[in-house]
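Peer 1: The structure that follows is given in the form of structure tokens.
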Amino acid sequence: MHHGREQIEVSRDCPAVSVPYGAPVTIEKGCMAQITQKLGGSYTVYVDGNLYRVEGVDADALGFEPTEAVNTPVIPEGPLSADSVRDMAWSLLATCFDPEIPVDIVNLGLVYRCEVETLGPDDYRIDVDMTLTAPGCGMGTMIADEARVKLLSIHGVSDVNVNLVWDPPWGREMMSELARLEMGMM
């Protein structure tokens, strides 16, 4: 969901992360911000020539209703199994977004592998291999951590490993048709 170039005055000091470097910053009260992206429970804002990511829990500083951090268990439909956990994992990974690109990490082709291992009755581990559009992106750890937190919210999942990998290197051909359409590449 894109907002136009609507100017919003930041109503309080707001924690954020610089994009693409990933460094924590504070956007000061009274700054004028433009919302460039509102997807996956976070906001990308343009302030004084720089991009920042603001988490949904701090949305009130931007004039929006804050969202809670993921802590409510997500229960897959039907009986709990490795397959139902895997399906839910892919669905949740599709709610993680690169703050610079309005396409989720699954449709961008950044998720190379998502495997579920049964550890015991109703106990599962998820292993994910993912990459970034560019190896030097400072947002990689943040995106991987977001994926990990969301996957740990699945009922029955007790362990998640999200590995950033660089082989094979990501290329535009890995994007889904939907992503290429959204990016104006078709």
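The values are calculated or read from the model by the stated rules, or taken from the named source; none is laboratory data. Just so it is clear, the structure is predicted and the values come from calculations on it, not from any experiment. Heads up, the Cβs are rebuilt from the backbone with ideal geometry, glycines too, and the neighbour counts pull from every protein chain shown. Ligands, DNA and RNA are stripped out before the accessible areas are found, and what is left, the full protein with its side chains, is counted by its heavy atoms. Shrake-Rupley method; radii C 1.70, N 1.55, O 1.52, S 1.80 Å.
Peer 1: Compare the peptides 164-174, 125-135 by average per-residue count of other Cβ atoms within 10 angstrom and give them in order, highest first.
Peer 2: Result, highest mean first: 125-135, 164-174.
Peer 1: Moving to a separate point now. With charges only on Cβ, +1 for K and R and -1 for D and E, what is the dipole size of segment 101-186 about its Cα centre, in debye, rounded to 20?
Peer 2: Once rounded to the nearest 20, the dipole reads 280 debye.
Peer 1: Between A94 and E28, how high is the FRET efficiency from 1/(1 + (r/R0)^6) when r is the Cβ-Cβ distance and R₀ = 45 Å? Nearest 0.05.
Peer 2: E between A94 and E28, to the nearest 0.05, is 0.85.
Peer 1: Of L152, L93, L80, which has the largest mean-square fluctuation in a 10 Å C-alpha GNM of the chain?
Peer 2: Of the options given, L80 has the highest mean-square fluctuation.
Peer 1: Does segment 101-162 come out rounded, prolate or oblate, given a ≥ b ≥ c as the square roots of the eigenvalues of its C-alpha gyration tensor, rounded meaning a/c under 1.5 and, failing that, prolate meaning a/b above b/c?
Peer 2: Verdict is prolate for segment 101-162.
Peer 1: Mind listing the long-range amide H neighbours of V162? Cut-off is under 5 Å, sequence gap 5 or more, other chains count too, H placed in the peptide plane at 1.01 Å from N.
Peer 2: V128
Peer 1: Hey, what's the chain come to in accessible area per residue, 1.4 Å probe, Å²?
Peer 2: Accessible area per residue, the chain: 51 Å².
Peer 1: Ordering I101, I143 by how much accessible area each has at a 1.4 Å probe, largest first, what is the list?
Peer 2: I101, I143
Peer 1: Can you tell me the 0 to 90 degree angle between the C-alpha axis of helix 140-152 and the longest principal axis of the chain, rounded to 10?
Peer 2: Relative to the chain, helix 140-152 is tipped by roughly 50 degrees.
Peer 1: Before rounding to the nearest 500, sum -39500 (n - 2.57) across all DSSP H runs of length at least 4 in the chain and divide by the residue total; then give [θ] at 222 nm in deg cm²/dmol.
Peer 2: -5000 deg cm²/dmol
Peer 1: Moving to a separate point now. Which of rounded, prolate or oblate describes segment 45-176 when judged by the alpha-carbon gyration tensor and an a/c cut-off of 1.5?
Peer 2: Here segment 45-176 falls in the oblate category.
Peer 1: Each residue of segment 24-34 in turn: what ³J(HN,Hα) in whole Hz from Karplus with 6.51, -1.76, 1.60 and θ = phi - 60°, glycine and Pro shown as x?
Peer 2: Running phi through 6.51 cos²θ - 1.76 cosθ + 1.60 with θ = phi - 60° gives x, 9, 10, 8, 7, 3, x, 5, 8, 10, 10 Hz.
Peer 1: Using only Cα atoms, tell me the angle between helix 82-93 and the longest principal axis of the chain; keep it within 0 to 90° and round to the nearest 10.
Peer 2: Between helix and principal axis, roughly 10 degrees.
Peer 1: Which of G109, M32, T133 sits farthest toward the positive end of the charge dipole of segment 9-136, with +1 on the Cβ of Lys and Arg and -1 on the Cβ of Asp and Glu?
Peer 2: Of the options given, the answer is M32.
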